[in-house]
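J.: The following block contains the structure, expressed as structure tokens.
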Amino acid sequence: MGDGTSETKSSNQMWGGRFAQGPDAIMEEINASIGFDKKLFAQDIRGSIAHATMLAHQGIISAEDKDKIVHGLSTILSEISSGQFEFSRQLEDIHMNVEARLATLIGPAAGRLHTARSRNDQVALDFRLWVKEELQKTEKMLTALIAAFLDRAEEHAETVMPGFTHLQTAQPVTFGHHCMAYVEMFGRDRSRVRHAIEHMDESPIGAAALAGTGFPIDRHITAKALGFREPTRNSIDTVSDRDFALEFLAIASICATHLSRLAEEIVIWSTPQFGFVRLSDAFSTGSSIMPQKKNPDAAELVRAKTGRINGSLIALLTVMKGLPLAYSKDMQEDKEQVFDSAESLELAIAAMTGMVRDMTIRADRMKAAAGSGYSTATDLADWLVREAGLPFRDAHHVTGRAVALAEQKGCELAELSLEELQAIHADITDKVFDVLTVEASVASRTSFGGTAPSEVKKQIAWWRGRN
């Protein structure tokens, strides 16, 4: 029998080249989160300063220790911000990396910082602070995107274009009205962001591992110091809650879907077949082989980012779906999805805001296309109801016959003669031609929220009056 050396070597080889150290290396690899949660360093230090200050206020630690802790943490913040801090995988996460460095800097006083808290409530605080700040940033970016659309809508409140259903020409609308559709979408996204901030505006610190603490802490002090409305109200829920991260990802997915729909339209509109818009060089690229091409790469990449963001939402939902209360290590998988989605969403909103502001609107091409496909057919039907007293279904049938005749003759509805229209229905008069132009069509749509330029301008004014 051997001495066990060859057996150990054989066992280690089974783990594969990357894990030459055997089970210990695998455990370090799967357990460490410092590779990504170091992104939370500012929130971690901010939370620790607030916690130490509260501990001193409550007489749990001395003022001298508090001052040492705050000075040491401020030093660490400067080191990390300037790139001088060395992170260690052996210390697992951002919390232990900071705590170890603090001990080196200030000695035994560092050990008092973790009084009356756990890594469970600490990570809940850091992550919640980060997501809250990201939501506030997203709110500002959406406001800028909305402002870009309002400017384009005001500029083109009277620019006629075809409106589509099933990507088939339906009725004439104005480009300003179309822009305002996106204002509504991104306005709802911004509302969701604001509601999410309100939902998560509670401080987790002080919940400790899961049951609270016996130390005489004051969680209202730390909540106020960290900019939260109030502390969370249940310690078990506090350390196991990732609703705020799920809500962020859900909001990001909905917003990304809106961005993707817009990106798709920009891709279509910029084709030679449509030619509705011309993208600036800043947001398009050329072809490596076809010199005539100008590719809408920025719009296409915005469209693609939606898949990443949607995938992150599903990933975290799946992580959380089977976890018993309170904390489980599974929840370490929450951050990378949120970090990636936040970066993708920021980039997509910024790119789209730039495209909306920079692209050239080709009003002539829009107007030429607006009357195609007999887009004023509904206006003819409505006229027959109003002026000739026909039931709408009868008017619909008469209009269908008129469209068939125009198709047969290869002309637009407005190009049919009065005699030809009266042969279809005797009550049609020459006043019908007042509604058969695309300009007359859009001007008549004055119902609240309609495409009439007068109504579009009212909606623009209403939105400009909002915060």
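The values are calculated or read from the model by the stated rules, or taken from the named source; none is laboratory data. These figures come from a predicted structure and were not determined experimentally. Backbone-built Cβ (ideal geometry, glycine too); neighbour counts: all protein chains shown. For the accessible areas, the whole protein counts, side chains as well, though only heavy atoms, and no ligand, DNA or RNA atoms are used. Shrake-Rupley method; radii C 1.70, N 1.55, O 1.52, S 1.80 Å.
J.: Over 27 Å apart: what share of the alpha carbon pairs of region 119-364 falls there, rounded to a whole percent?
T.: 46 percent
J.: Give, as a single signed number, the net charge of other residues whose beta carbon lies under 15 Å from the beta carbon of Gln422, with Lys and Arg counted +1 and Asp and Glu -1.
T.: The answer is -3.
J.: Same structure, new question: Highest first, please rank the peptides 214-220, 321-327, 235-241 by the mean number of other Cβ atoms sitting within 10 Å of their residues.
T.: With the highest mean Cβ count within 10 Å placed first, the list reads 235-241, 214-220, 321-327.
J.: What FRET efficiency would be calculated for the residue pair Lys457, Arg357, taking the C-beta separation as r and a Förster radius of 22 Å, to the nearest 0.05?
T.: Efficiency, from the Cβ-Cβ distance: 0.65.
J.: Which one, Phe392, Gln337, Ala181, projects farthest toward the positive side of the charge dipole computed for the chain from Cβ point charges (K/R +1, D/E -1)?
T.: Gln337
J.: What fraction, in whole percent, of alpha-carbon pairs in region 414-459 exceed 12 Å separation?
T.: Tail of P(r) above 12 Å: 64 percent of Cα pairs.
J.: Something else now. Expressed as cubic angstrom per residue, what is the convex hull volume of the alpha carbon set of the chain?
T.: With only Cα atoms used, the chain gives 247 Å³ per residue.
J.: Can you give me the accessible area per residue for the chain, using a 1.4 Å probe, in Å²?
T.: 49 Å²
J.: For an R0 of 35 angstrom, estimate the FRET efficiency from the Cβ-Cβ distance between Leu347 and Leu167 and round to the nearest 0.05.
T.: 0.80
J.: Another one. Let me know the charge dipole size of the chain about its Cα centre in debye, to the nearest 20, where only the beta-carbon of Lys, Arg (+1) and Asp, Glu (-1) is charged.
T.: 500 debye
J.: Taking Rh as the Kirkwood radius computed over C-alpha pairs, what is the Stokes-Einstein D of region 369-465 at 10 °C in a medium of viscosity 1.306 mPa s, expressed in µm² per second?
T.: The estimated diffusion coefficient comes to 111 µm²/s.
J.: Once you wrap a convex hull around the alpha carbon atoms of region 25-112, what is its projected area averaged over all directions, in nm²?
T.: With the hull built on Cα positions only, its mean projection is 5.7 nm².
J.: Find how many whole Å separate the alpha carbon centroid of region 81-155 from the alpha carbon centroid of region 338-387.
T.: Taking the Cα centre of region 81-155 as reference, the centre of region 338-387 is 39 Å away.
J.: Taking H as built 1.01 Å from N, whose amide H comes closer than 5 Å to the amide H of Gly163, not counting residues under 5 places away?
T.: Ala170, Gln171, Val173
J.: Of all accessible surface on the chain at a 1.4 Å probe, what whole percent is carbon and sulfur?
T.: That fraction is 53 percent.
J.: What ranking, highest mean first, results for peptides 110-122, 139-151 when packing means the other Cβ atoms within 10 Å averaged over each residue?
T.: Going from most to least packed, we get 110-122, 139-151.
J.: Read phi for every residue in region 441-452 and hand back ³J(HN,Hα) as whole Hz from Karplus 6.51 cos²θ - 1.76 cosθ + 1.60, θ = phi - 60°, with x for Gly and Pro.
T.: Those phi angles translate into 4, 5, 5, 7, 7, 8, 4, 4, x, x, 8, 4 Hz.
J.: Still on this model: At 1.4 Å probe size, what's the solvent-accessible area of Cys411? Round to the nearest 10 Å².
T.: Roughly 20 Å² of Cys411 is accessible to a 1.4 Å probe.
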